[in-house]
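K.L.:
Once you've had a glance at the structure underneath, I'll fire off some questions.
Every read-out reported here was derived from the displayed coordinates using simple, explicitly stated rules and does not represent laboratory data. Just so you know, these numbers come straight off a predicted model, no measurement behind them. With ideal geometry, Cβ positions are generated from the backbone for all residues, glycine too; neighbour counts draw on all protein chains shown.
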Amino acid sequence: MNSPQSIHRVMHEIKRRKLKVVRVTDLTPLMRRITLQGPELAGFISLGTDDHVKLFFPQTPQEHAALEELTATSDKDAPRPPMRDYTPRRYDEASGELDIDFVLH
């Protein structure tokens with residue numbers, strides 16, 4: 001007899017991580033994989049295909065400074081750099097590498 005499986009949503013602690021681009025790989029003419037790395041990835045968890053990370057793209061020194069001050073409780077109208085959600089493609093704990101795929105357009 002099979003017992004019903006239950007699905008549990010898990011909210012992991014939100015952490016800000018400053019990472020470095022260590023590799024760029026063109027997968028197709030319209031798809032690019034960016035490999036990020038950094039000691040702040042320690043403890044990163046990605047268990048499912050519906051996981052996501054938020055990436056910020058500061059363009060100016062002011063946006064870099066605003067990002068340093070940004071917290072989960074910051075005023076929603078506070079200046080912030082462009083941000084997008086992405087699905088982690090691969091996380092290698094041993095090498096401390098995180099792959100994110102980008103569609104080029």
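K.L.:
For region 1-30, name all the residues that are touching a residue at least 40 places away in the same chain (Cβ under 8 Å), assigned to a strand (DSSP E or B) and over 17 Å from the mean Cα position of the chain (by Cα).
P.N.:
27
K.L.:
Run down 16, 80, 84 and say which single residue is among the basic types (Lys, Arg), in contact with a strand residue (DSSP E or B) (Cβ under 7 Å, 6 or more places away or on another chain) and surrounded by 10 or more Cβ atoms within 10 Å (Cβ to Cβ). So that I can check it myself, show each step before the final result.
P.N.:
Values: 16 fails: in contact with a strand residue (DSSP E or B) (Cβ under 7 Å, 6 or more places away or on another chain); 80 fails: in contact with a strand residue (DSSP E or B) (Cβ under 7 Å, 6 or more places away or on another chain).
Step by step, each of 16, 80, 84 is checked, and only 84 is among the basic types (Lys, Arg), in contact with a strand residue (DSSP E or B) (Cβ under 7 Å, 6 or more places away or on another chain) and surrounded by 10 or more Cβ atoms within 10 Å (Cβ to Cβ).
K.L.:
Right, something else. List, please: which pairs have Cβ atoms under 9 Å, are six or more places apart or on different chains, and start with a residue in region 41-55 that is part of a loop (DSSP other than H, G, I, E, B) and end with one that is surrounded by fewer than 10 Cβ atoms within 10 Å (Cβ to Cβ) and among the β-branched types (Val, Ile, Thr)?
P.N.:
These pairs meet every condition: 45/10; 47/10.
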